[in-house]
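Encoded as structure tokens, the structure appears first; notes follow it.
Nothing in this text is a laboratory measurement; each read-out follows from the coordinates by a stated rule. As the structure is a prediction and not an experimental result, all values here were calculated from the model. So basically every Cβ, Gly included, is an ideal-geometry build from the backbone, and we count neighbours across all protein chains shown.
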Amino acid sequence: MREWVFLVSLFLAIAQDPYVRQREDMVREQIAERGIADTVTLRAMQTTPRHLFVPPEYISSAYDDHPLPIGFGQTISQPYIVAYMTELAAVRRGDRVLEIGTGSGYQAAVLAGIVDTVFTIEIVPELASSAAERLKRLGYRNVVVKTGDGYAGWPEHAPFDAIVVTAGAEHIPDPLVKQLKEGGRMVIPVGPQYLVQTLMLIEKKDGRVDTRSLLPVRFVPLRRE
């Protein structure tokens, strides 16, 4: 029932959305044509109104192929990177996902359109508060926002089927690895602050932790309390 209500409210919003064409172009040109093939991810990117997750002065650039500032030294990630990380996480209906770095709530919204519940942590109180209000207003009832230090994760709700970290960590946080379910995946940028980092995929399987380096990225630093 909850999923049906969410889908109805979302489709009603999209029906009145003047940015549908821009979003279609974004998904086709920036995402699908660059190799993202997972239909679940593509549908989530198609139905999430990115222009409602950026400051008003950047709405006209919301579907451009680059990150945008959202205040407090933070950014909303480039659409392709959001799609790429979502595809890597391999999330599906019924999953419980942890996100570190809520920002404006966009990545959480993309995940929420796929999974059962998204738990997301933001260290900047103003961003956490505004993201929680925005997500609630837009009908995302399956996202739980917390203000705090994401390095420690959210052990009360662990283990998670997937963890998506949207800030650059200098190393892979051990608490997050421990909170990842067997068979789960974590996607995280790792490297020095304000320099080029490496997007990494961490998988727990058969009692071991496998780590794979994927591509160079540049994220804002993972802040600590």
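Quick rundown of the values:
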quantity	calculated
DSSP bridge orientation in the stretch 2-217 - percent antiparallel, rounded to nearest 5	50
Value of relative contact order over the chain, rounded to a whole percent, pairs C-alpha under 8 Å and six or more apart	15
Reachable lysines, given that their alpha-carbon falls under 18 Å from the alpha-carbon of Lys136 and they are not under 8 places away in the same chain	Lys146
Dipole of the stretch 155-214 [Lys/Arg +1, Asp/Glu -1 at C-beta], most positive-end residue of Gln179, Phe160, Leu201	Leu201
Gap separating the Cα centres of the stretch 200-225 and the stretch 84-147, nearest whole Å	18
Sorted by Cβ neighbour density within 10 Å, fewest at the top, the residues Asp17, Asp149	Asp149, Asp17
Whether the stretch 99-225 is rounded, prolate or oblate, judged on the alpha carbon gyration tensor where a/c under 1.5 counts as rounded	oblate
Gyration tensor (alpha-carbon) shape descriptor, the stretch 58-121, a/c threshold 1.5	prolate
Angle in degrees between helix 125-137 and the longest Cα principal axis of the chain, rounded to the nearest 10	50
